[in-house]
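The values are calculated or read from the model by the stated rules, or taken from the named source; none is laboratory data. None of these values were measured; they are calculated from a predicted model. Here Cβ is always computed from backbone atoms with ideal geometry, including for glycine, and neighbour counts include all displayed protein chains. Only protein heavy atoms, including side chains, enter the accessible area calculation; ligands, DNA and RNA are left aside. Shrake-Rupley method; radii C 1.70, N 1.55, O 1.52, S 1.80 Å.
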Amino acid sequence: YGQLGDGSTVNRVTPVQVGTESDWTVVETSGFHSCGLRGTGSLWCWGGNNFGQLGDGTTIARNTPVQVGVETDWVQVSSVGNHTCARRSNLTVWCWGSNGNGQLGIGNTTQQNSPMQVGTETDWLDIGGGLRHTCGVRALGFSRIWCWGTNANSELGDGTTTQRTTPVQIGTENGWLSISPGNFHTCAHQVDGTISCWGNNAFGQLGDGTLTNRGTPNQVGTDTDWTEVDSGSNHTCARRTDNTAWCWGLNFFGEVGDGTGVDRNVPTKLNNATNWSGISAADLHSCGFRADGTAWCWGDNSKGSVGDGSEVQRNAPLVVGQPAKWSTATACFRNTCVVGLDASLWCTGSNAEG
């Protein structure tokens, strides 16, 4: 589908530049399509579009970035599965693409090929898309969580397995800073430095030391120094205030990054590095970047998603491409995209699957 955005459908085993622009600020990849924000505040998407997930009013696949509408006030985008959600500077949330499970939050299950506003609220602080569900944080009640979409694994966290086509508030707890839905589970980070997860726990991806599914938010351990959490397909990664990185859950492809292939049901430290600046958990691999400008990936590498020039599986972090070049990294399914220190955009991995 051209989800790497380089004008081709050729898989890449090392990062290839997307266009020649040098004003990219954020990139999100879902595996089959990708989206990014530029310094102008404009939003661009590319790759698979069979559900309208590119938001350009068509269902035509694009192998180079195409602008979503004409608005220039986008501040956040999340593209996972076959739908996309984004937030604007007026704190409204908009979603488009696949909607078979109500993941767009617009009260029906009809797919949309252009942005549709989720409700009328103007207090959204964060937005995150999972495989077939979506969650956000609203200022109402001092930062409470709202979720919608499929709920077969209790990934919405409302204590039920009932599908929702409009946002439903999750509990009464407040103080949430960010939300990260995965495929069948969800994790979130609170202002007190704790993280909580809920939903499917078949591989220990909730990090609570069990394999028990949870229908409501369940705190991961007792630590209060977490700064970031990201949910993948069946694993989770997070970062702490000392800039160490930790992962847990499914580890069959080495996606936990601890040098083994053993599943972990509690947070497991990656290595001794203390300069991690960001972390991203994908379907079968993970990536992160460090304060020195290096990007690192590990896990499944069958399509070159680790970006080391091979298709050899890696069970520990391996540096991606040129050292000291990157400012952020995001991973999903079998591809990875990174933004350079010069605000250029580069992607690697699968470019032809759907």
Quiz item: Are there any pairs, at least 6 apart or on different chains, whose C-beta atoms fall under 8 Å, with the first in region 56-76 and touching a residue at least 12 places away in the same chain (Cβ under 8 Å) and under 28 Å from THR122 (Cβ atoms) and the second of a type in the set (Lys, Arg) and part of a strand (DSSP E or B), and if so, which?
Solution: ASP56/ARG62; GLU71/ARG88; ASP73/ARG88; TRP74/ARG87; TRP74/ARG88; VAL75/ARG87; VAL75/ARG88; GLN76/ARG87
Quiz item: Which residues, taken from region 39-63, are surrounded by fewer than 24 Cβ atoms within 10 Å (Cβ to Cβ), part of a strand (DSSP E or B) and in contact with a strand residue (DSSP E or B) (Cβ under 6 Å, 6 or more places away or on another chain)?
Solution: ARG62
Practice problem: Return the total of residues in region 189-232 being among the small types (Gly, Ala, Ser), more than 19 Å from ALA245 (Cβ to Cβ) and part of a loop (DSSP other than H, G, I, E, B). | Solution: 2
Quiz item: Out of all the residues in region 275-298, is one or more out of contact with any His (no Cβ under 6 Å at 6 or more places or on another chain), within 21 Å of VAL220 (Cβ to Cβ) and among the β-branched types (Val, Ile, Thr)?
Solution: yes
Exercise. Please indicate, with yes or no, whether at least one residue in region 140-152 is under 19 Å from the mean Cα position of the chain (by Cα), over 24 Å from SER280 (Cβ atoms), modelled with pLDDT of 95 or more and not in a strand (DSSP E or B).
Key: yes
Exercise. Just give me the residues in region 244-258 being out of contact with any Cys (no Cβ under 6 Å at 6 or more places or on another chain) and open to solvent by less than 40 Å² (accessible area, probe 1.4 Å), in sequence order.
Key: THR244, ALA245, TRP248, GLY249, LEU250, ASN251, GLY254, GLU255, ASP258
Quiz item: Looking at (1) outside any loop (DSSP other than H, G, I, E, B); (2) out of contact with any helix residue (DSSP H, G or I) (no Cβ under 8 Å at 6 or more places or on another chain); (3) at pLDDT 95 or above; (4) open to solvent by 40 Å² or more (accessible area, probe 1.4 Å), which is the only condition LEU125 fails?
Solution: (2)
Practice problem: Mind listing whichever residues of region 166-188 are part of a loop (DSSP other than H, G, I, E, B), out of contact with any Pro (no Cβ under 8 Å at 6 or more places or on another chain) and either in contact (Cβ under 8 Å) with a residue 40 or more places away in the chain or under 18 Å from SER233 (Cβ atoms) (or both)? | Solution: GLY182, ASN183, PHE184
Practice problem: State the number of residues belonging to region 302-354 that are surrounded by 16 or more Cβ atoms within 10 Å (Cβ to Cβ), touching a residue at least 60 places away in the same chain (Cβ under 8 Å) and polar (S, T, N, Q). | Solution: 10
Quiz prompt | Failed condition for ASP23, given (1) buried (at least 24 other Cβ atoms within 10 Å of the Cβ); (2) within 18 Å of ASP342 (Cα to Cα); (3) in contact with a Lys or Arg (Cβ under 7 Å, 6 or more places away or on another chain) | solution = (1)
